[in-house]
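> Here it is, the structure in full.
The values are calculated or read from the model by the stated rules, or taken from the named source; none is laboratory data. Quick caveat, the model's predicted, so the values are computed rather than measured. Don't worry about glycine lacking a Cβ; one is built from the backbone with ideal geometry, like all the others, and counts go over all protein chains shown.
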Amino acid sequence: MTGSSARVQTGGYDLPVYDYVRPPELAGGPRRRYPVVIVGGGLSGLTAACDLACRGIEAVLLDEDDTIGVRGASSRGICYAQKSLEIFDRLGIYQRIRDKGITWSVGKVVEGEEVLYSFDLAPGSASAQPPFINIQQFYVEWFLVDRIRELGRTDLRWKNRVTAVRQGAEHAVLSVETPDGAYEIEADWVVDATGLASPIRDGLGLPTHPERGEDRWCISDVRFRKPLPTERWTWVEAPFNENRAVWQHLMADGVWRIDYQMAPNADPAEVSRTEVAEARLRAHLGPEVEFEVVWVGPYSYRTHLMDDFRCGRVLFIGDAAHVMSPFGARGGNSGIQDADNLGWKLALVLRGEAPESLLDSFDAERRPAAAHNIKVTSRTGRFLAPRTEMERIIRKAVLDLSTEHPFARLLLNTGRMSAPFRYDASPLNTGAEGEAVPNVRLGEGVLSDLLRGEGAAFVALWAPDPAQPGLAAALQAVAERGWPVRVFACGAEAQPLPHLSGSGMGLLGLTPGTLLLVRPDQHLAARIRDADPAALEAALARALCRAPSDALARA
Amino acid sequence: MRTDPNIPDPDGFYEALLDTHAGLSIEESHALNARLVLLLANQIGDAAVLRACLAAARASAGQNRDTASRDTQNRETAR
């Protein structure tokens, strides 16, 4: 790939710089309308662009910068959860992430030299992807840009800053500034992925109800030569950090992320001063260890949550819509999963296979997910920063009991790791389903292989019932009537359906006669026992916001 | 005495416990804890289990950590 024309050296990293190109609107071309304009080239915006490109949807991505990451090697997200890795597998960048990153599954809560509690997320995992891979966020963004360019469906416009969005019933108009001047661009749909300080959201006057945390932290990203296991270690009361909390985690290039909890009244400028940061690391690592500081950054937590993730033609993903504290790696991963949730819905609406009301389900599903993440991370924050003397006393009781008594270890809360949200109240469900289906091995590949391709199709996994020989052809006919679905016979063969075997069947609970309707984002829309074509059509109609009889939208 | 995990939704319980103390002075909080101990003891209703819990609570005092964290608290209070 010719990904970039130049490189920028920052924090010991060598990052690509992308060429600014004069937009066609400023080169004498007509003002035209695009199906989708994505604003913001961070994790969620690039995932959205890559997802749409994989689906064959043309989009424009506008980014105010001309490189990935934030200038100055700001570190940001490092932990990519299984669900995100499954999405990246479908998008075609998983292999690069796995090769570059650090695969891990073991986490430990440490007290002095003693392990109070440890967990291993690998046993019981049914997915082809591991529970977590640690890698610097800019690498993920870099791989996404390369993949988007390779797919050739997206107009990536660097140094294009959106200053305003106005919208009517049929489309939105974005005002954009570039080094060559300002222009306007029209879009059927706008995806706002501009992050925390979204000018689009603020310009539309949409509130976020922000709350600032009192607790202060300071990240040190550091290279050092000390053989440590690739595990997530956390201390609630680290003796080398004045009995405050510490995180320690390895990412790519041998760089460790060490996150130190500071005193509540700490001065951010003082705690991030080189000498202070180095003294802190020296106390932690011991006198013998050589280390090199890559980046130091003080921060405090904040949360915010929009009331509605859709406003007319504008859809808000990632930090623009929701912000939470970083415990459990829920921020970046939820932005990726926002994009995953939105991509297939936009594709089906743009292809005329679903009504615009399908896009309302993006808010109905992703806002509860964000609210849940905020609740979970706030509980961790409260465990780590007791608000009163009694909260501190109760926490100490948990620590004291944890050494000997297993029940107390479950109360130790140094972060609950990101897990996919179950859309159990979604209007798209038939029954109380909505859970993420793990990327099980099926046939020669994995489940996500079946979800690739132009547009967006559901996958129906059906375990044939030998007592009903005519059913296979009847289920196949549902797809032929224009519903976006591919039906597979799992386990036993059943002509004319394509057949899948593999170890995943048992994991999915596929007993004969059962059909699982898997959405394009690999969440479960319906589990139909004693499946028949009418039940499949009804579930598809519900998941697409279409009337049950409305089978022939594209016929 | 059970020491395997038996509290449903541990994080939700922990939050509810802290919320129960919200707005109380430290003396009021200690008094609440004492009442809570007695209420929970009455739920158990088994003399041997109660004696085992009393002994386990006494034994898990965490001496070393105790001293260290008191030192920190003193420093923080002094600021």
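> Would you mind finding the one in A:L384, A:L346, A:L412 that is buried (at least 18 other Cβ atoms within 10 Å of the Cβ) and within 11 Å of another protein chain (Cβ to nearest Cβ)? Walk me through it before giving the result.
Working: A:L384 fails: within 11 Å of another protein chain (Cβ to nearest Cβ); A:L346 fails: within 11 Å of another protein chain (Cβ to nearest Cβ).
Selected residue: A:L412, the only one of A:L384, A:L346, A:L412 that is buried (at least 18 other Cβ atoms within 10 Å of the Cβ) and within 11 Å of another protein chain (Cβ to nearest Cβ).
> Turning to a different aspect of this structure: Considering each residue of the stretch A:470-528, count those that are of a type outside the set (F, W, Y) and farther than 25 Å from A:G124 by Cα, and give that number.
First pass over the stretch A:470-528, keeping only residues of a type outside the set (F, W, Y): A:470-482, A:484-487, A:489-528.
Checking the rest, the ones that are also farther than 25 Å from A:G124 by Cα come to A:470-482, A:484-487, A:489, A:492-499, A:513.
Looking only at that region, the number is 27.
> Same structure again: Between a first residue in the stretch A:234-257 that is within 15 Å of A:E114 (Cβ to Cβ) and a second residue that is in a strand (DSSP E or B) and among the β-branched types (V, I, T), which pairs have beta carbons less than 6 Å apart while being 6 or more apart in sequence or on different chains?
What qualifies is A:T234/A:V109; A:W235/A:V110; A:W235/A:V246; A:A238/A:V246.
> Let me ask you something else. Which count do you get for residues in the stretch A:20-38 that are out of contact with any Gly (no Cβ under 7 Å at 6 or more places or on another chain) and either assigned to a helix (DSSP H, G or I) or of a type in the set (A, V, I, L, M) (or both)?
Here is the first cut: in the stretch A:20-38, the ones out of contact with any Gly (no Cβ under 7 Å at 6 or more places or on another chain) are A:20-25, A:27-37.
Restricting the remaining residues to those that are either assigned to a helix (DSSP H, G or I) or of a type in the set (A, V, I, L, M) (or both) gives A:21, A:24-25, A:27, A:36-37.
Summing the residues that are out of contact with any Gly (no Cβ under 7 Å at 6 or more places or on another chain) and either assigned to a helix (DSSP H, G or I) or of a type in the set (A, V, I, L, M) (or both) in the stretch A:20-38 gives 6.
> Six or more apart or on different chains, Cβ under 8 Å: which pairs go from a residue in the stretch A:467-480 that's in the same structural domain as A:A531 (by TED's automatic domain parsing) and polar (S, T, N, Q) to one that's outside any loop (DSSP other than H, G, I, E, B) and at pLDDT 95 or above? Could you list them?
Note: pairs meeting the criteria are A:Q476/A:V487.
> For the stretch A:164-194, enumerate the residues that are among the small types (G, A, S) and in contact with a Gly (Cβ under 6 Å, 6 or more places away or on another chain).
Here is the first cut: in the stretch A:164-194, the residues among the small types (G, A, S) are A:164, A:168-169, A:172, A:175, A:181-182, A:187, A:193.
Scanning the stretch A:164-194 gives A:A164, A:A193.
> Just to be sure I understand, how many residues within the stretch A:265-290 are surrounded by fewer than 18 Cβ atoms within 10 Å (Cβ to Cβ) and either in contact with a helix residue (DSSP H, G or I) (Cβ under 8 Å, 6 or more places away or on another chain) or within 24 Å of A:E113 (Cβ to Cβ) (or both)?
Adding up the residues that qualify gives 11.
> For the stretch A:125-153, give me the residue count where each residue is buried (at least 22 other Cβ atoms within 10 Å of the Cβ) and among the polar types (S, T, N, Q).
The number of residues fulfilling the criteria is 4.
> Restricting to the stretch A:108-128, name every residue that is free of Cβ contacts under 8 Å to residues at least 12 places away in the same chain and assigned to a strand (DSSP E or B). Even if it seems obvious, please write down each step before you answer.
The first filter runs over the stretch A:108-128 and keeps only residues free of Cβ contacts under 8 Å to residues at least 12 places away in the same chain, leaving A:113, A:115, A:123-124.
Within the stretch A:108-128, just A:V115 meets the criteria.
> Taking the conditions exactly as written (out of contact with any Pro (no Cβ under 8 Å at 6 or more places or on another chain) and either modelled with pLDDT under 95 or away from chain A (no Cβ under 11 Å) (or both)), does B:I7 satisfy them or not? Don't jump to the end; show me each part of the working.
Numbers: out of contact with any Pro (no Cβ under 8 Å at 6 or more places or on another chain): yes; either modelled with pLDDT under 95 or away from chain A (no Cβ under 11 Å) (or both): no.
No: the conditions fail for B:I7.
> Contact list please: Cβ distance under 6 Å, first residue in the stretch A:135-157 and part of a helix (DSSP H, G or I), second residue at pLDDT below 95, pairs at least six apart or on different chains.
Short answer, once both residue conditions are applied: A:Q137/A:R76; A:Q137/A:G77; A:F138/A:I68; A:F138/A:G69; A:E141/A:I68; A:W142/A:I68; A:D146/A:M1; A:D146/A:G3.
> Only one of A:A126, A:A73 is modelled with pLDDT under 95, on the phi > 0 side of the Ramachandran plot and not charged (D, E, K, R). Can you tell me which?
Details: A:A126 fails: on the phi > 0 side of the Ramachandran plot.
From the options A:A126, A:A73, the qualifying one is A:A73.
> Given A:A238, A:A193, A:A187, which one is crowded, with 20+ Cβ neighbours inside 10 Å and within 14 Å of chain B (Cβ to nearest Cβ)? Don't jump to the end; show me each part of the working.
Values: A:A193 fails: within 14 Å of chain B (Cβ to nearest Cβ); A:A187 fails: within 14 Å of chain B (Cβ to nearest Cβ).
After applying the criteria, what remains is A:A238.
> Which residue, of B:L32, B:L39, B:L17, is surrounded by 13 or more Cβ atoms within 10 Å (Cβ to Cβ), more than 8 Å from chain A (Cβ to nearest Cβ) and either assigned to a helix (DSSP H, G or I) or on the phi > 0 side of the Ramachandran plot (or both)? Step through it out loud before you land on a result.
Numbers: B:L39 fails: surrounded by 13 or more Cβ atoms within 10 Å (Cβ to Cβ); B:L17 fails: more than 8 Å from chain A (Cβ to nearest Cβ).
Going through B:L32, B:L39, B:L17 in turn, the sole match is B:L32.
> Does B:A22 meet the test of being within 10 Å of another protein chain (Cβ to nearest Cβ), under 25 Å from A:N413 (Cβ atoms), surrounded by fewer than 12 Cβ atoms within 10 Å (Cβ to Cβ) and modelled with pLDDT of 95 or more?
yes
> Within the stretch A:324-382, which residues are free of Cβ contacts under 8 Å to residues at least 40 places away in the same chain and farther than 27 Å from A:E454 by Cβ?
A:K375, A:R379, A:R382
> Name the one entry in A:M390, A:M417 that is under 30 Å from A:W247 (Cα atoms) and part of a loop (DSSP other than H, G, I, E, B).
Values: A:M390 fails: part of a loop (DSSP other than H, G, I, E, B).
Being under 30 Å from A:W247 (Cα atoms) and part of a loop (DSSP other than H, G, I, E, B) holds for just one of A:M390, A:M417, which is A:M417.
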